[in-house]
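Participant: One structure, as structure tokens, below. Some questions next.
Each value in this text was obtained by applying a stated rule to the coordinates, not by laboratory testing. Computed from a predicted structure; not experimentally measured. Here the Cβ positions follow ideal geometry from the backbone for every residue, glycine too, while neighbour counts run over all protein chains shown.
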Amino acid sequence: MDDSRNVDPDAPPTATAAAQMIASAVRKQLEDEAADIANNLAASISQQSKTNNIFMLKPADVGYFDLSATYPSGGGVVSDGKVNKYSDIFPFRDRLTHLAATHGEDAVRRVWSQCLLGPALVWHSHILTEDRELLRTIPLNAICNKLRSRFRIDYSTAFDTLRTHASPYKISRLERTSWR
């Protein structure tokens, strides 16, 4: 005869049923704890790798911006094989945005001011006042715009540099098209 039909739902469970319920509850508890430990470990590893990436970016990885430097090519950047040195703000700004895309904006924001030399360093160290505090918190795009507005060369200097380093044919074409 099947006793399962005659079981009273209000009756206490049998010893076997109670042992199965306890085993199931303990198993569930252990699974939940293991999942929590795994999630905490994954979050810790993820945070640690983000922190390591932030500190891995050094000023030499970015390059140095020195407005007073002159380079024979007139291109605004020169490399000694290890470190890039920029005398033009536009390639320096492009380098900052590239590194922000590859290493994260926070990493670049932490290191960019250490890359300034010459007049740019004087500007950052002595001329800026409350703007310096603002530059620590604003997005990298705003930092690049501030650098561009402060250090871009005027058009006449840029055109004189172009005349010095470009062929006469290119200059005559540029003069005819750019002033229309």
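Participant: Using 1/(1 + (r/R0)^6) with R0 = 22 angstrom and r between the beta carbons of H98 and L128, what's the FRET efficiency to the nearest 0.05?
Facilitator: Approximately 0.35, to the nearest 0.05.
Participant: Once label points are set 7 Å from the Cα along Cα→Cβ at both T137 and I45, what is their separation, rounded to one decimal in nm?
Facilitator: 3.6 nm
Participant: With label points built 7 Å along Cα→Cβ from the Cα atoms of D106 and D61, find their separation and express it in nm.
Facilitator: A separation of 1.4 nm, rounded to one decimal place.
Participant: Using Cβ contacts closer than 10 Å as the measure, can you line up K82, K58 from fewest to most?
Facilitator: Ordered by Cβ neighbours within 10 Å, fewest first: K82, K58.
Participant: Something else: Show the residues, 5+ positions off or on another chain, whose built amide H is closer than 5 Å to the amide H of Y64.
Facilitator: Distant-sequence amide H within range of Y64: N84, K85, Y86.
Participant: Grab the beta carbon distance between N145 and A38, set R0 = 41 Å, and tell me the FRET efficiency rounded to 0.05.
Facilitator: On the way: r = 44 Å, r/R0 = 1.07.
After rounding, the FRET efficiency stands at 0.40.
Participant: Moving on. Quick one: which of 27-39, 104-116 comes out on top by average Cβ neighbours within 10 Å, and what's the full order, highest first?
Facilitator: 104-116, 27-39
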